1. Going by average Cβ density within 10 Å per residue, which order do the peptides 190-202, 107-119 take, highest to lowest?
2. Please work out, to two decimal places, the log10 of the ratio I(q)/I(0) at q = 0.08, 0.09, 0.14 Å⁻¹ from a Debye calculation in which every Cα of the chain carries one identical scatterer.
3. Report the local net charge at Tyr183: Lys and Arg +1, Asp and Glu -1, summed over other residues whose C-beta lies under 15 Å from its C-beta.
4. Under 8 Å for C-alpha pairs, at least 6 residues apart: give me the relative contact order for the chain, rounded to a whole percent.
5. Evaluate E = 1/(1 + (r/R0)^6) for Ala69 and Arg220, where r is the Cβ-Cβ distance and R0 equals 25 Å; express this FRET efficiency to the nearest 0.05.
6. In whole Hz and in residue order, list the ³J(HN,Hα) couplings for the range 43-52 that follow from phi through the Karplus curve 6.51 cos²θ - 1.76 cosθ + 1.60, θ = phi - 60°; x for Gly and Pro.
7. If neighbour count is taken as other Cβ atoms inside 10 Å, put Val134, Val79 in order from fewest to most.
8. Once the piece of chain linking Lys196 and Gln32 is laid out straight, how much longer is it, given 0.36 nm per residue of separation minus the C-alpha distance between them?
Amino acid sequence: MRLDRFLANLPRFSRQDARHLLAEGRIRVDGQAMRAMDCEVRLFSRIELDDEVLQAGKAARYLMLNKPAGCASATRDAVHRTVLDLIAEPDRDELHIAGRLDFNTTGLMLLTNDGQWSRRLTQPSSLQGKVYLVETEDEIDPGCIEAFAQGLYFRFENLTTLPARLELLGPRRARLTLHEGRYHQVKRMFGRFDNKVTALHRESMGPLLLDSALDLGEYRPLTPHEIARI
Ligand code: URA
């Protein structure tokens, strides 16, 4: 929301008052005097008038979890434990998942209460690469490399997958980089070659790498540098 609208929405100020307060340099946003009416403020912004706090600003949360298998990528589930059950934070119910994983997929999962941040990470236009380690039941057909790079047609969604990079690490092991997140995408891509994915682990999302110090089920807050990279 624009700062002038935020001020004018408070019962005590008219739109004209809001303009005057801004012009006089009496409004601070996150500690900085702000004169621009069109400055965007959010629930996370601390907004002050002289020495009075108009909005304290909610704490923004950004967590990295090493998701274990057997855990639902949901905030609630009637039967299974969810990734939120692994988070011991007072405001965990305000978190959402930025990029789900299947029940038995392990690895990097990001949770936040900042919708703008998670949209930047997951929106299709951002084309952030997601890297997965894949293990398969049968030997991987080397033809997968070219087929995945060309894209596979998924009839159900009537779309062709974006070019994906497959690097063979062993007969039944590979690293796959995707730039989108379709339903069961990795499993369906290997399924096209009649090969079953037996283990799937996400190593990174865009510039964010899973911290190797995190065991399965453990999490930590992102650093300011990691947050700013998205
Ligand atoms: N593709 C899958 O098939 N499963 C996941 O969990 C992620 C990508």
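1. 107-119, 190-202
2. -0.42, -0.51, -0.91
3. With Lys, Arg at +1 and Asp, Glu at -1, the neighbours total +4.
4. It comes to 19 percent, rounded to a whole number.
5. 0.80
6. 4, 8, 7, 8, 10, 10, 10, 6, 9, 9
7. The fewest-first ordering by Cβ neighbours comes to Val79, Val134.
8. Result: 53.5 nm gained on full extension.
Since every read-out is calculated from the coordinates, none of them should be taken as a lab result. If you're wondering where the values come from, they're calculated on a predicted model, not measured in any experiment. Cβ atoms come from the backbone with ideal geometry, glycine included; neighbour counts cover every protein chain shown.
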